[in-house]
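Structure first, then comments.
The values are calculated or read from the model by the stated rules, or taken from the named source; none is laboratory data. Computed from a prediction, not measured in an experiment: that's the story for all the values here. Cβ coordinates were reconstructed from backbone atoms using ideal geometry, including for glycine residues, and neighbour counts include every protein chain displayed. For the accessible areas, the whole protein counts, side chains as well, though only heavy atoms, and no ligand, DNA or RNA atoms are used. Shrake-Rupley method; radii C 1.70, N 1.55, O 1.52, S 1.80 Å.
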Amino acid sequence: IATLLLIGTVLLAMSLAQTLVARLPLSPALLYLAVGWAAASLASPPLPAPDLMAHATLLRVLAEIAVLLSLFAIGLKIRVAATWAAWRVPVLLATSSMLWAVALATLLAAWLLPLDWPMALLLAAILAPTDPVLASDVQTHSEHDRDALRLSLTVEGALNDGTAFPLVMLALGLLGVHELGANGLRWLQLDLLWSVGAGVALGVACGRAIGWALLRRLRVQPDSQGDELVYLGAIALVYGLSLALHASAFLAVFACGATLLRQHPATRAEPVAVDLGQHLQAFGARCERLAEVLMVLLVGAALTRVTWSAEVLAFALGVVLLVRPASVLLGLPPSALPTTQRRLVAWFGIRGVGSLFYLAFVL
């Protein structure tokens, strides 16, 4: 009852105070975090100590749904030419910079925390992906938004949720709970090359196929009814196929959204598809907001059960203030972005629901 009252109150309050909240120099997620923490702190009787192992499956499902909903919404807004020049910055951020982030965070965790090297690597890999759910304030505003800073951060958050998976599996293999194969060959072939490659290919194929079917219907009956069915149905279908093929579901869902209703992301949509695309984006934005409220309230409540220490705080500050900026500066060439934009990208390394998913997945 208390949980229902809390969620209902927060949703209504944020809706009624939307104009006021928009003027504040902080994101709504910080308000949800504070409300979750305050509610859990003041709960009477006190909340029981959480058993992450017992609830890991539920947490994994909730976090994965939140990330998938957000990734599809991002894909619908990304309309970038299918060239290396257009995708260079986000791809480098999701690969080269992320590898630097994992390496630096591993060193920091092994130094500050009582973790051996494989466990330090696992923690670093869990924290590697930047978050597409909580980064809504710095995402591209629409498919016509061409701001290089927002575009880079948005696509990075979409891509590295998938590219972090091989690193998590590598760490699990070093801990002896996942099969890496002889000389790591199975990990290289299945967890890295196949997962990433098949995920992108599957998403593009599904996006084009679903888009072709939708366009045929729209040419005969030009209306956008049932857009929420298209949105949820496409995610469910691509997710199911990804599980069946052992492909990256995150990359597949993003690629499907990016190619839906278009042959490739940069092509101009047919007039009959523009209205449907706008309805899908509006529905996706609502789904993102609901997922953000639920997940951040949970995180805020969980903060009341954290055992704080100087080492934990130092590690957290190090990841935010040192690891993220250094990884971007090391992994992104100076010529890739103007100096000001490069510095801003180095600062906006939001972690959130993607890391929660990998934490629950590992457990």
How do the pairs read when you match residues in the range 202-220 that are over 19 Å from residue 254 (Cα atoms) with residues anywhere that are modelled with pLDDT under 90 and not in a helix (DSSP H, G or I), using Cβ under 7 Å and keeping only pairs 6 or more apart or on different chains?
215/261; 215/270
Can you tell me which residue within the range 68-127, out of those that are among the aromatic types (Phe, Trp, Tyr) and surrounded by fewer than 23 Cβ atoms within 10 Å (Cβ to Cβ), is modelled with the lowest pLDDT?
84
Some residue of the range 204-216 being on the phi < 0 side of the Ramachandran plot, small (Gly, Ala, Ser) and surrounded by fewer than 12 Cβ atoms within 10 Å (Cβ to Cβ):
yes
Sort through 251, 193 and tell me the only one that's under 22 Å from residue 164 (Cβ atoms) and either open to solvent by 10 Å² or more (accessible area, probe 1.4 Å) or without any contact (Cβ under 8 Å) to a residue 40 or more places away in the chain (or both).
193
Enumerate the pairs (first residue in the range 53-73 and in a helix (DSSP H, G or I); second residue anywhere and of a type in the set (D, E, K, R)) with beta-carbon separation below 8 Å, excluding pairs fewer than 6 apart on the same chain, so at least 6 apart or on different chains.
66/292; 67/161; 69/288; 70/288; 71/161; 73/288
Can you tell me which residues in the range 117-135 are under 15 Å from residue 66 (Cβ atoms) and of a type outside the set (S, T, N, Q)?
129, 131, 132, 133, 134, 135
Filtered residue count, the range 312-335, keeping only those that are surrounded by 18 or more Cβ atoms within 10 Å (Cβ to Cβ), more than 27 Å from residue 248 (Cα to Cα) and of a type in the set (A, V, I, L, M, F, W, C):
1
Examine the range 346-353 for a residue that is buried (at least 22 other Cβ atoms within 10 Å of the Cβ), touching a helix residue (DSSP H, G or I) at 6+ places or on another chain (Cβ under 6 Å) and modelled with pLDDT of 85 or more, and state whether such a residue exists.
yes
Would you please list the contacts, defined by Cβ atoms under 7 Å and residues six or more apart or on different chains, that run from a residue in the range 23-47 that is within 14 Å of residue 299 (Cβ to Cβ) to a residue that is modelled with pLDDT under 80 and assigned to a loop (DSSP other than H, G, I, E, B)?
29/134; 40/47
Where a residue in the range 80-106 is over 11 Å from residue 326 (Cα atoms) and hydroxyl-bearing (Ser, Thr, Tyr) and its partner, wherever it lies, is modelled with pLDDT of 90 or more and open to solvent by 20 Å² or more (accessible area, probe 1.4 Å), with Cβ under 9 Å and at least six apart
95/159; 95/163; 96/330; 106/117; 106/121; 106/123
